Amino acid sequence: MVRINRNVVASLICFSLIAFAQRGKKRGEEPVTQTLELPPDPPAVLAAETARLVFDATPLTSKGLLSQQVRDQVRWILSKYGKSRVVKIRAFVAGSGDLRRVQTVVSEIFSERRLPLPVLSVVLAGALPMNGAQVQMEITAEDRKAVNPSGLAFIAGQRVEGKPGAAGSATLVRDSLTRVRTVIEAAGGAASSTRRVTCFASSIDQVPEIRQAAAAVFPGAAFTLVQAQRAFSRPLAECEAVASLARAPAAPAVRVNPPGLPVSDGFSHAVAVSAPRLVFAGAQMAFNYEDTDARLAFERLEKTLSSAGSSLKRTVAINAYPLSQTLAGLVRKYWFEFLDKAAPPASTLMVLEGLPSMDAAFALEAVALPWEAAP
């Protein structure tokens, strides 16, 4: 018997298979290349029922890098609000991670679970109040039952500035929180019915004192603390909030400016809303740094709101995130070309570190009344 070498047999089989494949392949036919399907983009705008809106913030974690922390926080959101509809996520990122990963991970997880995507705003901050924490998410969701039967109040950022070295960050945040409480009470709410408070500060070196102050003024409210930039020229704190109302306002949207607080033509200290529905638009970025670029960002946001049956003229709350004071001036230049000067919205304008696009100058996000609601 002739013993056949195994390697020779294996080689013959391989050559036969290759030859068979080549015979079956048509001349000039391109090989099929597999491509991974990209996750869908979040919607630019969504509408939700005012009475059913809930507001929360994810717990901070220092485990892993940005993508892992985003996954963990999205899973926390879905474990708590998976039976509700998540309407909006606002993500504050700190560190050197790619901000675009936030949208990718959010889209992947929501799509895997066959859940509708929320609108999304992502900004880069200077720091978060935990070593190693790279992201903090705020959630707006639509519950199955009414939790705000009398409506909501959107509170503008209450800015308090100090002289260099004059006061610690805890003192400035406490003063801003006190103003927020004054505005909420004037709008028809109460500290105990405040759903979420967000504070931007020039420094977060006194985190325990700041958290204690927030818990003392607003027990039960979700609390987010962000150092807006890595370095500020002077100390400041600016806190904003959203609260459930104890009594419904006299109109679908009522502007509130309590006496004793600084007067501004650019915004209302609060807008109390009883309209049945609200429209939420995610962050709309301005690209490059010319006047035409700024105007185009407002125009795109107007078009986005219009697609959902609303308009910038019907805005009840709008936030702007420029990357410098010069760019903040560019935002203000077109403010009332698009917003209603006779009924200014609640607003926070805060200079931050960065945005998901390298050539972005500022971002805008808005909450507005649909056209079916009276102004």
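No lab work stands behind these numbers, since they all come straight from the coordinates. Model, not experiment: these values are computed from the prediction. Cβ placement follows ideal geometry from the backbone for every residue including glycine, while neighbour counts extend to all protein chains displayed.
Does segment 212-249 hold any residues that are touching a residue at least 60 places away in the same chain (Cβ under 8 Å), farther than 19 Å from residue 351 by Cβ and in contact with a Leu (Cβ under 8 Å, 6 or more places away or on another chain), and which are they?
242, 243, 244, 245 - these are the residues of segment 212-249 that are touching a residue at least 60 places away in the same chain (Cβ under 8 Å), farther than 19 Å from residue 351 by Cβ and in contact with a Leu (Cβ under 8 Å, 6 or more places away or on another chain).
Here's a check for you: in segment 52-68, which residue that is in contact (Cβ under 8 Å) with a residue 12 or more places away in the chain and part of a helix (DSSP H, G or I) is farthest from the chain's Cα centre (by Cα)?
Of everything passing the filter in segment 52-68, 52 is farthest from the chain's Cα centre (by Cα).
In segment 216-255, which residues are buried (at least 20 other Cβ atoms within 10 Å of the Cβ), over 21 Å from residue 174 (Cα atoms) and hydrophobic (A, V, I, L, M, F, W, C)?
Within segment 216-255, 245, 253, 254 meet the criteria.
From 71, 85, which residue is farther than 15 Å from residue 132 by Cα, touching a helix residue (DSSP H, G or I) at 6+ places or on another chain (Cβ under 7 Å), surrounded by fewer than 20 Cβ atoms within 10 Å (Cβ to Cβ) and without any contact (Cβ under 8 Å) to a residue 60 or more places away in the chain?
Numbers: 85 fails: touching a helix residue (DSSP H, G or I) at 6+ places or on another chain (Cβ under 7 Å).
Among 71, 85, only 71 is farther than 15 Å from residue 132 by Cα, touching a helix residue (DSSP H, G or I) at 6+ places or on another chain (Cβ under 7 Å), surrounded by fewer than 20 Cβ atoms within 10 Å (Cβ to Cβ) and without any contact (Cβ under 8 Å) to a residue 60 or more places away in the chain.
Can you spot a residue in segment 356-366 that is within 15 Å of residue 267 (Cβ to Cβ), in contact (Cβ under 8 Å) with a residue 60 or more places away in the chain, out of contact with any His (no Cβ under 7 Å at 6 or more places or on another chain) and among the hydrophobic types (A, V, I, L, M, F, W, C)? Before the answer, list the steps.
First, the residues of segment 356-366 that are within 15 Å of residue 267 (Cβ to Cβ): 364-366.
Going one step further and asking which of them are in contact (Cβ under 8 Å) with a residue 60 or more places away in the chain, we end up with 364-366.
Pick out the ones that are also out of contact with any His (no Cβ under 7 Å at 6 or more places or on another chain) and you get 364-366.
Filter again for among the hydrophobic types (A, V, I, L, M, F, W, C), leaving 364, 366.
Yes, segment 356-366 contains a residue that is within 15 Å of residue 267 (Cβ to Cβ), in contact (Cβ under 8 Å) with a residue 60 or more places away in the chain, out of contact with any His (no Cβ under 7 Å at 6 or more places or on another chain) and among the hydrophobic types (A, V, I, L, M, F, W, C).
I need the full set of residues from segment 111-164 which are outside any loop (DSSP other than H, G, I, E, B), of a type in the set (S, T, N, Q) and surrounded by fewer than 20 Cβ atoms within 10 Å (Cβ to Cβ), in order please.
The one that is outside any loop (DSSP other than H, G, I, E, B), of a type in the set (S, T, N, Q) and surrounded by fewer than 20 Cβ atoms within 10 Å (Cβ to Cβ): 111.
What is the number of the single condition among (1) assigned to a loop (DSSP other than H, G, I, E, B); (2) in contact (Cβ under 8 Å) with a residue 12 or more places away in the chain that residue 107 does not meet?
(1)
State whether the residues of segment 274-282 include one that is outside any strand (DSSP E or B) and buried (at least 21 other Cβ atoms within 10 Å of the Cβ).
yes
Of all residues in segment 181-211, count the ones that are assigned to a strand (DSSP E or B), without any contact (Cβ under 8 Å) to a residue 40 or more places away in the chain and under 18 Å from residue 134 (Cα atoms).
Final tally of qualifying residues: 1.
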